[in-house]
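*Asks:* If you scroll down you'll find the structure; I have some questions about it.
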Amino acid sequence: QVNAPSSFISMNSTDTELTSLRILQLNIRKSPAAHLDLANCSLASDWDVILVQEPNIIFTNDICTPNNFRPVIPSNHHNLEHPVQSVIWVNKSISTNQWSIIDIPDTNDISTIQIRNSQHTINIFNIYNDCSHSNSL
């Protein structure tokens, strides 16, 4: 089980402005067991954004997303030969009015979102770097 740092307090309801983010980044290495374990954990109370590299892709060419999260997958992932290597899961407690997808065309190695509140805008890039090439750089 992956636990969030106890020092972070997040205010993520649709009526409250987002004031902090709890972000988890990990590489699943395409492992079905690791992906299912993560998808079945109670992540929503601990994490606001989860950045995953090398997710497990199931037989229907889809990526399982944990309950209470929205997936952000490269937009043309079905049209590219290269498998999806980067996905972002955004907690459903963050209003969709507070974040948006930034499309990075022609790659399955990068997924990006922008999160906003009344004072700040941040861009979160999830980049998978394959050690055999530098295409995503």
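For every residue, the table says whether it meets (1) closer than 19 Å to L21 by Cα; (2) touching a Leu at 6+ places or on another chain (Cβ under 9 Å); (3) in a loop (DSSP other than H, G, I, E, B).
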position: S45; (1), (2), (3): yes, no, yes
position: L51; (1), (2), (3): yes, yes, no
position: N61; (1), (2), (3): no, no, yes
position: P74; (1), (2), (3): no, yes, yes
position: I88; (1), (2), (3): yes, yes, no
position: N97; (1), (2), (3): yes, no, yes
position: S100; (1), (2), (3): yes, no, no
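*Asks:* Go through S132, S100, S111, S75 for me and flag whichever is touching an Asp or Glu at 6+ places or on another chain (Cβ under 9 Å) and of a type in the set (S, T, Y).
*Replies:* Matching residue, one of S132, S100, S111, S75: S75.
*Asks:* To continue, here is another question. Regarding T65, is this residue outside any strand (DSSP E or B), under 15 Å from the mean Cα position of the chain (by Cα), closer than 17 Å to P32 by Cα and hydroxyl-bearing (S, T, Y)? Full working, then the answer.
*Replies:* Numbers: outside any strand (DSSP E or B): yes; under 15 Å from the mean Cα position of the chain (by Cα): yes; closer than 17 Å to P32 by Cα: yes; hydroxyl-bearing (S, T, Y): yes.
Considered against the rule, which asks whether it is outside any strand (DSSP E or B), under 15 Å from the mean Cα position of the chain (by Cα), closer than 17 Å to P32 by Cα and hydroxyl-bearing (S, T, Y), T65 comes out as yes.
*Asks:* Continuing with the same structure: In segment 106-134, what residues are open to solvent by 80 Å² or more (accessible area, probe 1.4 Å), over 14 Å from P83 (Cα atoms) and assigned to a loop (DSSP other than H, G, I, E, B)?
*Replies:* Once the filter is applied, which keeps residues that are open to solvent by 80 Å² or more (accessible area, probe 1.4 Å), over 14 Å from P83 (Cα atoms) and assigned to a loop (DSSP other than H, G, I, E, B), segment 106-134 yields S118, Q119, H120, C131, S132.
*Asks:* What is the number of the single condition among (1) touching a residue at least 40 places away in the same chain (Cβ under 8 Å); (2) open to solvent by less than 50 Å² (accessible area, probe 1.4 Å) that Q25 does not meet?
*Replies:* Every listed condition holds for Q25 apart from (2).
*Asks:* Go through (1) polar (S, T, N, Q); (2) surrounded by 13 or more Cβ atoms within 10 Å (Cβ to Cβ); (3) without any contact (Cβ under 8 Å) to a residue 60 or more places away in the chain and name the single condition T96 misses.
*Replies:* (2)
*Asks:* Let me ask something else about it. Just to be sure I understand the filter: pairs with C-beta atoms under 8 Å, separated by 6 or more residues or on different chains, first member in segment 62-80 and closer than 21 Å to T96 by Cα and open to solvent by 80 Å² or more (accessible area, probe 1.4 Å), second member modelled with pLDDT of 90 or more and not in a loop (DSSP other than H, G, I, E, B). Which pairs pass?
*Replies:* Here the result reads N68/N91, each pair linking segment 62-80 to a residue that is modelled with pLDDT of 90 or more and not in a loop (DSSP other than H, G, I, E, B).
*Asks:* OK, next. Of all residues in segment 42-56 being free of Cβ contacts under 8 Å to residues at least 60 places away in the same chain and either open to solvent by less than 20 Å² (accessible area, probe 1.4 Å) or under 15 Å from the mean Cα position of the chain (by Cα) (or both), which is farthest from N108 (Cα to Cα)?
*Replies:* Restricting attention to segment 42-56, the residues satisfying the condition of being free of Cβ contacts under 8 Å to residues at least 60 places away in the same chain are 42-48, 50, 55-56.
Imposing the further condition that a residue be either open to solvent by less than 20 Å² (accessible area, probe 1.4 Å) or under 15 Å from the mean Cα position of the chain (by Cα) (or both) reduces the set to 43-44, 46-48, 50, 55-56.
Working: L43: 24, A44: 25, D46: 27, W47: 24, D48: 22, I50: 17, P55: 11, N56: 14 Å.
The extreme case among them is D46.
*Asks:* Could you grab me the full set of residues in segment 29-38 that are crowded, with 18+ Cβ neighbours inside 10 Å and either in contact (Cβ under 8 Å) with a residue 40 or more places away in the chain or hydrophobic (A, V, I, L, M, F, W, C) (or both)? Give the derivation first.
*Replies:* Taking segment 29-38 as the starting set, the residues that turn out to be crowded, with 18+ Cβ neighbours inside 10 Å are 35, 38.
Selection gives L38 alone.
The values are calculated or read from the model by the stated rules, or taken from the named source; none is laboratory data. Quantities reported herein were computed from a predicted structural model and do not represent experimental measurements. Neighbour counts are summed over all protein chains in view; Cβ atoms, including those assigned to glycine, are modelled from backbone coordinates with ideal geometry. The accessibility values were calculated without ligands, DNA or RNA, using every heavy atom of the protein model including side chains. Shrake-Rupley method; radii C 1.70, N 1.55, O 1.52, S 1.80 Å.
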